[in-house]
Amino acid sequence: MAVRRLRRMSDSCRAVWDQDGNSLPMTGLFPLYVVVLNWNLPQDTVYCIESVQAARLPGVEILLVDNGSTDNSLEQFQARFGADVAVIETGKNLGFAGGVNVGIAHALAAGAGSVLLLNNDTVVDREMIRCLAAAASSARVGIVGPVIYYFDAPERVWRFADREYRWLPTPLRVPDRVLRSAGSRPFRVDYVTGCGMLVRRPVLEAIGLFDTRYFFYFEDADFCRRARQAGFDIYCAPQAQMWHKVSASARRQRPGARYTEAWGRAQFYRRHPHGPFPICALSYLLFKSVAITLRDVLAGDRRLIPPQWMGFFDGYFDRPSRATRFMGSG
C-alpha cells in the first residue's frame, strides 16, 4: 500500500533529539513506551509493531499486550519478534481499557516518562513519534494525538481531535480545514482518540489509568476529560501521521459492539455533562438512540435494536456494563 510520507521533518519534530539522533533526557518523556493491544489479530499487530520499529528511535520501547487471544497470536509473535519485543499476557479479554492498563502499569513500573497507545490495526509514519514527542516537550502538555488517516484511503482524514463548545451538549469534531491553517504547529484541543495517544507520566500519576467500566468505546474521551479537569493541556500534532485499517464506508456492527458503544456514550455524558443544561445531554442521547434505531430498521438489522437500548439505559442509569453478555453474539 502506498501511503504519503512527510517530505521533511520540521524543526519542531527534531527538537527533542540531538544532532546524533539521541533522545534528550531533560524533556522528561523518555524512556517512551509504546503499548499495543492485541486480540486475535496477529498479522495486523505485526505490521503495526514493524512500523514503529522502522523509526529506529533511541529511548523507545515496545510493549505488546495480548488480551486473551484464542488463536495462535502468541506463536506468531514469538516467531516474528523473539525476544526483541516484550509480550505481556492478560489471560482473558479485559476490553480496551483493561488491556492497555496492564501495559501502562508495566511501563510506569519500568520508569516510563511517557506512554504511546496505538491500536494494533494501525501503521505509523516513521516521523510520527518524533513529532508527538516534540509537541509534548512542554511541561504544560499532558496528552498529544496525531492525525489519523484511512489505511485504504491514505489521503483522507479519519480522526484527529474534538472540541467542546459552551452551549452545545456534545463536543464536535475539529474541521479538517484547521489542519491546513495550522501548518506544522501543534494546536490545543479537548479530546483525542485512544487509537493513537501519547500520554506523559504526570498525567497518569495524577488521574490514574483508564476507567475499566468502559469495556471499549468512550474510555479515551473519559480519560481526556479527567486529564483536562486535572489541569493538563491536550494537543494535536499535525505532522504526526498514522493510518487506521477501518473501512472508509460504514461497517455493520455486532450486538456486542453496539451495546458497549451505547453504554459508553450514555455513561460518559451522564458523568461528564456538556453545556450549561444537563437535560440537553439527555435529549441528545435520546435523539441519538432513536436515530440509530431508525437506521437499523431501514437497514433491516433489527437484532441491534435491543442491545442499543439496553446499553443506553444501563449506561445512563449507572448500571454495570453487561458487555460480556454480548461478546459471543455474531
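Readers should treat all values here as calculations from the given coordinates under stated rules, not as data from a laboratory. Since this is a predicted model, take the numbers as computed values, not measurements. Quick reminder, even Gly has a Cβ in these numbers, built from the backbone with ideal geometry, and neighbours come from all protein chains shown.
Assorted remarks:
- Potential lengthening of the chain between Asp176 and Asn40 amounts to 45.7 nm, from the contour at 0.36 nm per residue minus the alpha-carbon distance.
- Estimated Rh, region 255-326: Kirkwood, alpha-carbon pairs, angstrom: 12.2 Å
- The Cα center of region 129-202 and the Cα center of region 255-330 differ in position by 26 Å.
- Derived from the Cα gyration tensor, the three semi-axes of the equivalent ellipsoid of region 163-306 are 27, 19, 17 Å, largest first.
- Cα-based helix-to-principal-axis angle, 278-299 vs the chain, degrees rounded to 10: 80 degrees
- Amide H contacts of Val174 (H built 1.01 Å from N, under 5 Å, at least 5 apart or other chain): Ala161, Asp162, Arg163
- Rel. contact order, % - alpha carbon contacts under 8 angstrom, at least six apart, the chain: 18 percent
- Cα convex hull volume per residue for the chain (Å³): 139 Å³
- Cα-based convex hull, region 119-220, per residue volume (Å³, whole number): 142 Å³
- Peptide ranges 109-120, 259-270 listed from the most packed, as the mean C-beta count within 10 angstrom indicates: 259-270, 109-120
- Sequentially through region 302-309, phi angles give Karplus couplings (6.51, -1.76, 1.60; θ = phi - 60°) of 6, 5, 8, 5, x, x, 4, 6 Hz, Gly and Pro residues having no value and appearing as x.
- Working note: Karplus 6.51/-1.76/1.60 with θ = phi - 60° gives region 200-205 the couplings 7, 3, x, 5, 5, 5 Hz, where Gly and Pro are set to x.
- Burial ordering of Arg80, Arg302, fewest other beta-carbon atoms within 10 Å first: Arg302, Arg80
- 0 to 90° range, to nearest 10: angle between helix 255-271 axis and the chain longest Cα axis: 90 degrees
- With contributions of -39500 (n - 2.57) from each DSSP H run of at least four residues, the per-residue ellipticity at 222 nm computed over the chain stands at -11500 deg cm²/dmol.
- With respect to the chain, whose longest principal axis is taken over its alpha-carbon atoms, helix 95-109 is tilted by about 30°.
- Order by protection proxy (mean Cβ within 10 Å, highest first), peptides 128-140, 157-169: 128-140, 157-169
- Modelled spin labels at Ala206 and Arg156, positioned 7 Å past Cα toward Cβ, are 3.8 nm from each other.
- Among the cysteines of the chain, Cys48, Cys195, Cys224, Cys236, Cys280 have no other cysteine beta carbon within less than 4.7 Å of their own.
- Relative contact order for region 129-287, counting Cα pairs under 8 Å that sit 6 or more residues apart, in percent: 34 percent
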